[in-house]
Amino acid sequence: MFLYILGLVAFWFVFRWYRELARVPNKGQKYVYITGCDSGFGNLLARHLDKLGFRVIAACYTEKGEDELKKVSSERLNTVHLDVVSTDSVNKATAFIKTLVGEKGLWAVVNNAGVSVPSGPCDWMTVDDYKSMLDVNLIGVIGVTLSVLPLIKKARGRVVNVASVFGRISAFGGPYCVSKYGVEAFNDSLRMNMSAFGVKVLCLEPGFFKTSVTDLHLLRKNVKTLWDKLPEEIKDQYGHDYPERANVTLEKNVATLLDGDLMKVVSCMEHAISAVHPRTRYSPGWDAKFIWLPMSYLPTWIADKMLLKDMANPTGCFL
């Protein structure tokens, strides 16, 4: 019986692999709009798709990002300035894209732009801390998507949302996990709404990768900035050596999990854009596949014990 089950599992994986090999034709006529192309996944994806022959529209936050990307890309690639929290900026980018794509429509939008700080225990945060991250990571995703959705419906194309495995399990406090849970919910509802129009909505849930948003210097600075603003009462509750302990935890847990191979994520993005039969969800990264996703299916009391480094310590969360 066991061998039959093993055989069926093996058959399923071979069948899925074969089915997912097919790619869409006419790449040179397909426009792909990517946010957050200054660095990291977005920058690498823009260059990768450009080499594959797609007509890339790379949205950058800075003029420097646009200039540097143009230097290493073909003439097919266009850049546009985009601040996802600014309605005016989103509308200007959309107007540019409408002029560019014409009646062809937009084949895909990749919502890649995001931030990782402020992050820390929930009682260190203010409502404004939550708002600032939600504006980028969630409202920005929704705003950009809705702005180009008519163009994507015209092309019967794709919406690719970069969430996180921490949209499945909250391993630390603050607004980051909240924003990514929101992206997951938006992705799922949009996928159901758009299926009748032939639009595919796909979600990426990467683990820890070595990018600007996981830079240890940035994360240490984030801890210090938040700590310096706290009232003495909260500092006393956490212990005045907490920043040092937090930095040790960052070094121990985050640094050891960081994966430097960004192509693992970019390959999933490319597959979501170019495959005839893309997956509904992608989970790039060994930690996403073998730690966080399995943990998200465990009973809460077990997952909590695994996440808390010391149950007697109220600060004992993963970060």
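The values are calculated or read from the model by the stated rules, or taken from the named source; none is laboratory data. Source: prediction; values computed, not measured. Cβ atoms come from the backbone with ideal geometry, glycine included; neighbour counts cover every protein chain shown. Areas reflect the complete protein model, heavy atoms only, side chains present, ligands, DNA and RNA absent. Shrake-Rupley method; radii C 1.70, N 1.55, O 1.52, S 1.80 Å.
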Give the number of residues within the stretch 21-54 that are without any contact (Cβ under 8 Å) to a residue 40 or more places away in the chain, outside any loop (DSSP other than H, G, I, E, B) and open to solvent by 60 Å² or more (accessible area, probe 1.4 Å). 2
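Output the residues belonging to the stretch 268-291 that are of a type in the set (A, V, I, L, M, F, W, C) and over 21 Å from Phe208 (Cβ atoms). Walk me through how you get there before you give the answer.
Initial filter on the stretch 268-291 (of a type in the set (A, V, I, L, M, F, W, C)): 268-269, 272-273, 275-276, 286, 288, 290-291.
Answer for the stretch 268-291, where residues must be of a type in the set (A, V, I, L, M, F, W, C) and over 21 Å from Phe208 (Cβ atoms): Ile273, Ala275, Val276.
Would you confirm whether any residue within the stretch 187-198 is under 30 Å from Met306 (Cα atoms) and of a type in the set (Phe, Trp, Tyr)? Please lay out each step first, then the result.
Pass one, the stretch 187-198, residues under 30 Å from Met306 (Cα atoms): 187-188.
Applying the additional criterion that residues be of a type in the set (Phe, Trp, Tyr) yields none.
Checking the stretch 187-198: not a single residue is under 30 Å from Met306 (Cα atoms) and of a type in the set (Phe, Trp, Tyr).
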In the stretch 287-309, which residue that is open to solvent by 50 Å² or more (accessible area, probe 1.4 Å) and of a type in the set (Ser, Thr, Tyr) is farthest from Leu258 (Cα to Cα)? Thr300
Output the residues belonging to the stretch 183-196 that are in contact (Cβ under 8 Å) with a residue 40 or more places away in the chain and either aliphatic (A, V, I, L, M) or open to solvent by 50 Å² or more (accessible area, probe 1.4 Å) (or both). Val183, Leu190, Arg191, Met194
Mind checking which pairs have a first residue in the stretch 126-155 that is closer than 30 Å to Leu230 by Cβ and a second that is open to solvent by 10 Å² or more (accessible area, probe 1.4 Å) and aromatic (Phe, Trp, Tyr), Cβ under 8 Å, 6 or more apart or different chains? Met133/Tyr176; Asn137/Tyr176; Leu138/Phe186
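Among the helices (runs of 4 or more DSSP H) confined wholly to the stretch 72-182, which include 2 or more residues that are buried (at least 21 other Cβ atoms within 10 Å of the Cβ) and touching a Gly at 6+ places or on another chain (Cβ under 7 Å)?
On the way: elements: 87-101, 127-134, 140-155.
Because the criterion is at least 2 residues that are buried (at least 21 other Cβ atoms within 10 Å of the Cβ) and touching a Gly at 6+ places or on another chain (Cβ under 7 Å), the helices (runs of 4 or more DSSP H) in the stretch 72-182 that meet it are 140-155.
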State whether one or more residues within the stretch 11-25 are touching a Ser or Thr at 6+ places or on another chain (Cβ under 8 Å) and not hydroxyl-bearing (Ser, Thr, Tyr). yes
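Which of the residues that make up the stretch 191-212 are in contact with a helix residue (DSSP H, G or I) (Cβ under 7 Å, 6 or more places away or on another chain) and part of a helix (DSSP H, G or I)?
Of the stretch 191-212, the ones in contact with a helix residue (DSSP H, G or I) (Cβ under 7 Å, 6 or more places away or on another chain) are 197, 199, 201-209, 211-212.
If the condition is that a residue be in contact with a helix residue (DSSP H, G or I) (Cβ under 7 Å, 6 or more places away or on another chain) and part of a helix (DSSP H, G or I), then Phe197, Ser212 are the ones that fit.
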Trp12: passes all of (1) within 25 Å of Ser267 (Cα to Cα); (2) open to solvent by 20 Å² or more (accessible area, probe 1.4 Å); (3) in contact with a Leu (Cβ under 9 Å, 6 or more places away or on another chain) but (3)
How many residues are touching a residue at least 24 places away in the same chain (Cβ under 8 Å), closer than 30 Å to Cys37 by Cα and charged (D, E, K, R) when one looks only at the stretch 222-255? 1
In the set Ser147, Ser119, Ser132, Ser86, which member is of a type in the set (S, T, N, Q), farther than 22 Å from Val24 by Cβ and at pLDDT below 95? Ser119
The stretch 225-250, residues that are surrounded by 13 or more Cβ atoms within 10 Å (Cβ to Cβ), of a type outside the set (S, T, N, Q) and part of a helix (DSSP H, G or I): Leu226, Trp227, Ile234, Lys235, Tyr238, Tyr242, Pro243, Arg245, Ala246, Leu250
